[in-house]
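Input: a single structure, listed below in structure tokens.
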Amino acid sequence: MLNFNYCNPTRILFGRDEHKNVGAQIKAGGFERVLIVYGGGSVIKTGTLAAVQASLEAEGIEYFTIGGVRPNPTLDFANRVKAICQSSSIDLLLAVGGGSVIDTCKVAAAGACYEGDAWDFFTKGVKIERALPVATVLTIPAAGSEQSIRMVINHNGLKLGTASEHIRPVFSVVNPELFFTLPKEQIAAGVIDMMSHIFERYFTNTTNVDFTSAQAEAAIRVALANGPKLIENPSDYDAWCQIGMVGSWAHNGYFGLGHVEDWACHAMEHELSAFDPAITHGAGLAILTPAWMRYVQNVNPERMMQFAKNIMGKDSIEEGIAALEAFYAVMGMPARLREFGLDEAALEVCATSACARTKTIGNFRKLESAHVLKIYQSAF
Ligand code: NZQ
Ligand code: ZN
């Protein structure tokens, strides 16, 4: 195991009606001028936005509101949010939505404390030294951004991520009742994304990481058991509690403590959703993950076998991968990249772009663009 230095200060308000306590939590934090940010309007339809606003009003907190973040969010929109933060002296950004809304807030929060262009954080390696505080009311458990140090944004045909402790939310509301209105494709994509956040850490060549491995295996088994219940019944509160916890903890860094992490599947997927923003992150991961597993399995067959046995309950690596594919199918996910309507020529563009900045991606097996292309092709 490697050394680590870990602190996760995000307070979690978990359970029924907790979004109605957001005003009190903001007041307790001493914040006075809040910018509420939301997406394409689901929070208006569901009444979540109105409930959050009422909670702030009840505490006498001044707030501004901006909606319109789209999935696969853009730097341009984040810059609009940043401008409001600066012109209105905002002291807390409150994201009411999913990963796209939260990441928009994170980019704006860091951008508001930086003289240059926020794109520098993603392309020039500029370190985030400060950010306005961000809090969240989560409406879809998936990206894990409600506890993560990461943010991902699209600009100029690229989808890039970066990390900083300064953008980890100060608090997040995780009320499973807010997830009942999710369409089935988003439920499935969310469950698969959170599983991937654990896989990216679980598939490591670092040895003596039994504590985190055992917990990662348990967390993925919980996702495997509860995901299909939600496809069957999207109002299953108890199943959402399990999935809500897996999703929030999957990406807060815990499962990777003391590991070298991988992240090749995420890097490959981000290229696809940059190429075509209509591709949902979790759906891309559902197709790429089994293809990646087959491609890299010989690097560390013991670890792959541990996955097959302890997570999927199978006696061979191939049976384990096939069982994972069967689970993705039960969740209603596509199995082949061609189902996105992609042209095969796009694969080469994405493979080149995936390795353009770092030469290789992933750590379980370091992949050059020729390897990435093979994985894309096998998934096509
Ligand atoms: O925009 P609205 O109208 O709200 O609709 C959204 C959106 O269309 C809808 N939705 C959300 N909550 C709902 C709901 N519909 C009905 N009822 C509800 N309760 O769901 C759609 C997807 O929302 P989005 O925020 O895009 O989903 P998600 O949370 O999966 O976020 C995906 C983004 O996060 C990034 C992804 O790459 C992608 O850009 N990620 C961010 C990470 C991070 N910051 O740590 C890590 C992840 O690996 C990921 O890369
Ligand atoms: Zn993800």
Residue in segment 264-304 that is nearest to His155 (Cα to Cα), counting only those that are outside any helix (DSSP H, G or I) and within 16 Å of ligand 2 (Cβ to nearest atom): Pro277
Mind listing whichever residues of segment 26-46 are outside any helix (DSSP H, G or I), closer than 30 Å to Leu160 by Cα and near ligand 1 (Cβ under 10 Å from one of its atoms)? Tyr38, Gly39, Gly40, Gly41
Test: Gly23 is away from ligand 1 (no atom under 16 Å from the Cβ), assigned to a loop (DSSP other than H, G, I, E, B), out of contact with any Gly (no Cβ under 6 Å at 6 or more places or on another chain) and not aliphatic (A, V, I, L, M): no
Check whether at least one residue in segment 121-128 is among the polar types (S, T, N, Q), in contact (Cβ under 8 Å) with a residue 12 or more places away in the chain and within 16 Å of ligand 2 (Cβ to nearest atom), and report yes or no. no
Filter result (over 20 Å from Ile279 (Cα atoms) and near ligand 1 (Cβ under 10 Å from one of its atoms)) within segment 180-199: Phe180, Thr181
Residue list for segment 176-213, restricted to those being polar (S, T, N, Q) and farther than 20 Å from Asp103 by Cβ: Thr181, Thr204, Asn205, Thr206, Thr207, Asn208, Thr212, Ser213
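Go through Ala223, Ala267, Ala278 for me and flag whichever is within 30 Å of Gly15 (Cβ to Cβ), assigned by TED's automatic domain parsing to the domain that holds Cys355 and not charged (D, E, K, R).
Values: Ala267 fails: within 30 Å of Gly15 (Cβ to Cβ); Ala278 fails: within 30 Å of Gly15 (Cβ to Cβ).
Just one listed residue meets the conditions, Ala223.
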Residues satisfying the stated conditions in segment 186-215, i.e. within 16 Å of ligand 2 (Cβ to nearest atom) and touching a Gly at 6+ places or on another chain (Cβ under 7 Å): Ala188, Ala189, Gly190, Val191, Ile192, Asp193, Met194, His197, Arg201
Condition first: touching a residue at least 40 places away in the same chain (Cβ under 8 Å), away from ligand 2 (no atom under 16 Å from the Cβ) and within 12 Å of Asn154 (Cα to Cα). Now tell me which residues in segment 71-83 satisfy that. Thr74, Leu75, Asp76, Ala78
If Ile44 satisfies all but one of (1) buried (at least 19 other Cβ atoms within 10 Å of the Cβ); (2) within 21 Å of Pro176 (Cβ to Cβ), what's the number of the condition it fails? (1)
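The rows are residues; the columns are (1) buried (at least 24 other Cβ atoms within 10 Å of the Cβ); (2) within 26 Å of Leu230 (Cα to Cα); (3) touching a strand residue (DSSP E or B) at 6+ places or on another chain (Cβ under 8 Å).
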| residue | (1), (2), (3) |
| --- | --- |
| Ile66 | no, no, yes |
| Ser89 | no, no, yes |
| Thr104 | yes, no, yes |
| Ala112 | no, no, no |
| Val126 | no, no, no |
| Leu132 | no, no, yes |
| Gly157 | no, no, no |
| Glu165 | no, no, no |
Mind checking which residues of segment 145-185 are in a loop (DSSP other than H, G, I, E, B), closer than 24 Å to Ile361 by Cα and among the hydroxyl-bearing types (Ser, Thr, Tyr)? Ser145, Ser148, Ser164
Scan (1) closer than 15 Å to Leu138 by Cβ; (2) not assigned by TED's automatic domain parsing to the domain that holds Ser172 for the single condition His19 breaks and write down its number. (2)
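The values are calculated or read from the model by the stated rules, or taken from the named source; none is laboratory data. Owing to the predicted nature of the structure, the values given are computational and were not obtained by experimental measurement. Note: ideal-geometry Cβ built from the backbone for every residue, glycine included; neighbour counts use all protein chains shown.
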